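Student: I'd like to ask you about the structure that follows.
The values are calculated or read from the model by the stated rules, or taken from the named source; none is laboratory data. Please read these numbers as outputs of a predicted model, since none were measured by experiment. Here the Cβ positions follow ideal geometry from the backbone for every residue, glycine too, while neighbour counts run over all protein chains shown. Each accessible area value is taken on the protein alone, full model and side chains, heavy atoms only, with ligands, DNA and RNA left out. Shrake-Rupley method; radii C 1.70, N 1.55, O 1.52, S 1.80 Å.
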Amino acid sequence: MLTKEENDLLCRVTGDAPMGQLMRRHWQPVCLIEEVIEPDGTPVRARLFGEDLVVFRDTEGRVGVMDEYCPHRKASLALGRNEDGGLRCLYHGWKMDVQGTIIEMASEPAASCMANKVKHLAYPTKEWGSFVWAYMGPAETMPEFTPPAWAPTDETRVTVAKVLIPCNWAQILEGAIDSAHSSSLHSSDFVPARVTGAEATNKNWLRPSTDKAPRMQVQRTGYGFRYAALRRPIVNANTHDYIRSTIFVAPATALIPPNNLYNVANINVPMDDTNTAFYFIAWGHPSQTPETETWRKFLGQQVGIDLDENYRSVRNRENNFLQDREKMKAGNFTGITGFPNQDLAMWMTMGPIADRSDERLGASDIAVVEFRKRMLDALAEFQKGGPAIGTGDLKIPARDVSYQAVVPKTVDWRNFEAEYIWTKPVEALEPSYNTSEPNE
């Protein structure tokens, strides 16, 4: 457990909060490209680290991310006119381009030089992997944009479900790296089966184990840490382990073990101290990775059905997350449709910021404990003038990937040579992911 002071350091991200300042040294997803796909289209609101932003695509197709509020009288630019290479405020007609340069001041005399003296707050942007990214840290520390581990090339299909969740980023991240909970909370969706490794169907993810109490092991890295959840496999339990190896990439990404078709990840972007943009990602070869609506339907996170137009879930505490008790009586473990929605129910009922000073942690919580220690240690180093965790030479190397496999007990999971799911056909990947011996 943490002290209340440590919990605040971990969770608070707005203003001058140290954790928010550390996170600003990383490029951050601001919204989905699909939200601003149209040149001169409707501007979109976003919020990161307590800042209200507006995102828009100009006439030439360039994307801007800037302060939502006009520098003149602070009216919202999200209501503005997106036209002729810039965003025009409705109030007095001031117009800004994607770099925050004032290109027109309709309310000022033609001879006025005021436009040359005003610069609106705008952030550098990059489009990659289905996202619009921005760098919100000091200009002098801005790193070159590096593709994230879950979108390594522009050929990668990156399919995203987005949900805005009214709770702190850290409790969401802790859920993403907590392998033990999947055997209980998601037991009706992650179904034990006599398979050689995790497999995806259009209804479930199959896994070759019934073990609900994995043994956890952690390896700290410069970018965060790797860990393994070791379970007894259904087949060859005396000689083999079923390993699910997850990677935490600081500050807020989890590379989740894949299935046989595609890879899985999630990234959690703090909107402020008590709200988070949660992105659940399928990525891999275009022929094997689900398309957007297929993915969102599978997860129970379709806009207009499970989410409102602003990506907020229709499931909430007041309606018990649409839990179906009759399904529970019939055998469904949670009665909540869509395994991310099962997570969402747990995170939201913990409160806006979970109180980590009053917990009872066990052996299955090793990854959660390591996350807290790793980020607080990284924050202490950053406050001393060191580099932000996961930046520069500390970034994740390409060889580090999440994986799942049934392997002999003599194999050290840390040295297991895995590759992310890409090559087709699927059968070509089996030697990399399954070293189990034939059934006897």
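Student: Of everything in the range 124-138, what is of a type in the set (A, V, I, L, M, F, W, C) and open to solvent by 50 Å² or more (accessible area, probe 1.4 Å)? Give them in sequence order. Write out each step before concluding.
Tutor: Looking only at the range 124-138, we keep the residues that are of a type in the set (A, V, I, L, M, F, W, C), and these are 128, 131-134, 136.
128, the sole residue that qualifies.
Student: Taking residue 364 as meeting all but one of (1) at pLDDT 95 or above; (2) polar (S, T, N, Q); (3) surrounded by 15 or more Cβ atoms within 10 Å (Cβ to Cβ), write down the number of the exception.
Tutor: Among (1) at pLDDT 95 or above; (2) polar (S, T, N, Q); (3) surrounded by 15 or more Cβ atoms within 10 Å (Cβ to Cβ), the lone unmet condition for residue 364 is (1).
Student: Identify the residue in the range 329-356 that is open to solvent by 40 Å² or more (accessible area, probe 1.4 Å) and of a type in the set (Ser, Thr, Tyr) and, among all such residues, is farthest from residue 219 (Cα to Cα).
Tutor: Across the range 329-356, the extreme among qualifying residues is 337.
Student: Would you check if residue 345 is part of a strand (DSSP E or B) and not charged (D, E, K, R)? Before the answer, list the steps.
Tutor: Numbers: part of a strand (DSSP E or B): no; not charged (D, E, K, R): yes.
Against the criterion (part of a strand (DSSP E or B) and not charged (D, E, K, R)), residue 345 does not qualify.
Student: What number of residues within the range 63-110 are outside any loop (DSSP other than H, G, I, E, B) and either without any contact (Cβ under 8 Å) to a residue 60 or more places away in the chain or open to solvent by 20 Å² or more (accessible area, probe 1.4 Å) (or both)?
Tutor: At the first step, the residues of the range 63-110 found to be outside any loop (DSSP other than H, G, I, E, B) are 63-67, 69, 76-79, 81-83, 86-88, 94-96, 101-105.
Now restrict to residues that are either without any contact (Cβ under 8 Å) to a residue 60 or more places away in the chain or open to solvent by 20 Å² or more (accessible area, probe 1.4 Å) (or both): 66-67, 69, 76-79, 81-83, 86-88, 94-96, 101-105.
Result for the range 63-110: 21.
Student: Residues being of a type outside the set (Val, Ile, Thr) and either farther than 14 Å from residue 123 by Cα or modelled with pLDDT under 95 (or both): count how many of those fall in the range 35-56. Quick ask: steps written out before the conclusion?
Tutor: Step one: list which residues in the range 35-56 are of a type outside the set (Val, Ile, Thr), which gives 35, 38-41, 43, 45-53, 56.
Subset that is either farther than 14 Å from residue 123 by Cα or modelled with pLDDT under 95 (or both): 35, 38-41, 43, 45, 50.
Counting residues in the range 35-56 that are of a type outside the set (Val, Ile, Thr) and either farther than 14 Å from residue 123 by Cα or modelled with pLDDT under 95 (or both) gives 8.
Student: Can you go through 275, 259 and tell me which one is out of contact with any helix residue (DSSP H, G or I) (no Cβ under 7 Å at 6 or more places or on another chain) and either within 22 Å of residue 353 (Cα to Cα) or among the small types (Gly, Ala, Ser) (or both)? Lay out the reasoning, then the answer.
Tutor: Numbers: 259 fails: either within 22 Å of residue 353 (Cα to Cα) or among the small types (Gly, Ala, Ser) (or both).
Of 275, 259, the one residue that is out of contact with any helix residue (DSSP H, G or I) (no Cβ under 7 Å at 6 or more places or on another chain) and either within 22 Å of residue 353 (Cα to Cα) or among the small types (Gly, Ala, Ser) (or both) is 275.
Student: With of a type outside the set (Asp, Glu), modelled with pLDDT under 95 and within 19 Å of the chain's Cα centre (by Cα) as the only criterion, which of 418, 345, 398 stands out? Lay out the reasoning, then the answer.
Tutor: Values: 418 fails: within 19 Å of the chain's Cα centre (by Cα); 345 fails: modelled with pLDDT under 95.
The unique qualifying residue is 398.
Student: For the range 370-410, how many residues meet the condition of being open to solvent by less than 60 Å² (accessible area, probe 1.4 Å) and touching a residue at least 60 places away in the same chain (Cβ under 8 Å)?
Tutor: Quick first cut of the range 370-410, residues open to solvent by less than 60 Å² (accessible area, probe 1.4 Å) only: 370-372, 374-376, 378-380, 382, 386, 388-392, 396-397, 400-408.
Narrowing further to those that are touching a residue at least 60 places away in the same chain (Cβ under 8 Å): 370-372, 374-376, 378-379, 382, 388-392, 396, 400-408.
Selection size over the range 370-410: 24.
Student: Take the residues of the range 111-123 that are over 35 Å from the mean Cα position of the chain (by Cα) and outside any loop (DSSP other than H, G, I, E, B): which is surrounded by the most Cβ atoms within 10 Å (Cβ to Cβ)? Steps first, answer last, please.
Tutor: Applying the first criterion (over 35 Å from the mean Cα position of the chain (by Cα)) to the range 111-123 yields 111-118.
Okay, now just the ones that are also outside any loop (DSSP other than H, G, I, E, B), so 114-117.
Working: 114: 13, 115: 15, 116: 9, 117: 8.
Checking each candidate, the answer is 115.
Student: Another one. Would you please name the residue that is farthest from the chain's Cα centre (by Cα), looking only at residues in the range 202-237 that are at pLDDT below 95, of a type in the set (S, T, N, Q) and open to solvent by 10 Å² or more (accessible area, probe 1.4 Å)?
Tutor: 236
Student: So, in the range 160-210, exactly how many residues are of a type in the set (Ser, Thr, Tyr), in contact with a strand residue (DSSP E or B) (Cβ under 7 Å, 6 or more places away or on another chain) and within 23 Å of residue 345 (Cα to Cα)?
Tutor: The number of residues fulfilling the criteria is 2.
Listed here are the residues, each with its yes/no results for (1) surrounded by 21 or more Cβ atoms within 10 Å (Cβ to Cβ); (2) in a strand (DSSP E or B); (3) in contact (Cβ under 8 Å) with a residue 60 or more places away in the chain.
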site	(1), (2), (3)
1	no, no, yes
8	no, no, no
22	yes, no, yes
25	yes, no, yes
30	yes, yes, yes
39	no, no, no
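Student: Just give me the residues in the range 273-283 being of a type in the set (Val, Ile, Thr) and open to solvent by less than 10 Å² (accessible area, probe 1.4 Å), in sequence order. Give the steps one after another, and end with the answer.
Tutor: Taking the range 273-283 as the starting set, the residues that turn out to be of a type in the set (Val, Ile, Thr) are 274, 276, 281.
Scanning the range 273-283 gives 276, 281.
Student: Residue by residue through the range 183-200, note down the ones that are under 23 Å from the mean Cα position of the chain (by Cα) and either surrounded by fewer than 20 Cβ atoms within 10 Å (Cβ to Cβ) or closer than 16 Å to residue 298 by Cβ (or both).
Tutor: Going residue by residue through the range 183-200, those that are under 23 Å from the mean Cα position of the chain (by Cα) are 183-187, 189-190, 198-200.
Selection gives 184, 186, 187, 189, 190, 198, 199, 200.
Student: Spot the failing condition for residue 16; the list is (1) open to solvent by 50 Å² or more (accessible area, probe 1.4 Å); (2) in a helix (DSSP H, G or I); (3) charged (D, E, K, R), and only one is missed.
Tutor: The one condition residue 16 does not meet is (2).
Student: Assess whether residue 270 counts as being in contact (Cβ under 8 Å) with a residue 12 or more places away in the chain, under 22 Å from residue 212 (Cβ atoms), in contact with a strand residue (DSSP E or B) (Cβ under 7 Å, 6 or more places away or on another chain) and buried (at least 22 other Cβ atoms within 10 Å of the Cβ).
Tutor: Judged against the criteria, residue 270 is not a match.
Student: Being open to solvent by 10 Å² or more (accessible area, probe 1.4 Å) and hydroxyl-bearing (Ser, Thr, Tyr) is the filter; apply it to the range 238-259 and report the residue that is modelled with the highest pLDDT.
Tutor: 253
Student: Then there is this: Please specify each residue of the range 162-182 satisfying the condition of being among the aliphatic types (A, V, I, L, M), in a helix (DSSP H, G or I) and open to solvent by 10 Å² or more (accessible area, probe 1.4 Å). I'd like the intermediate steps shown before the answer.
Tutor: Of the residues in the range 162-182, the ones among the aliphatic types (A, V, I, L, M) are 163-165, 170, 172-173, 176-177, 180.
Cutting the leftovers down to in a helix (DSSP H, G or I) gives us 170, 172-173, 176, 180.
Across the range 162-182, the qualifying residues are 176, 180.
Student: Select from the range 81-118 the residues that are of a type in the set (Lys, Arg) and at pLDDT 95 or above and write down the one among them that is nearest to residue 43 (Cα to Cα).
Tutor: From the range 81-118, those of a type in the set (Lys, Arg) are 81, 88, 95, 117; that's our starting set.
From the residues that got through so far, the ones that are at pLDDT 95 or above too are 81, 88, 95.
On the way: 81: 8, 88: 11, 95: 14 Å.
Of everything passing the filter in the range 81-118, 81 is nearest to residue 43 (Cα to Cα).
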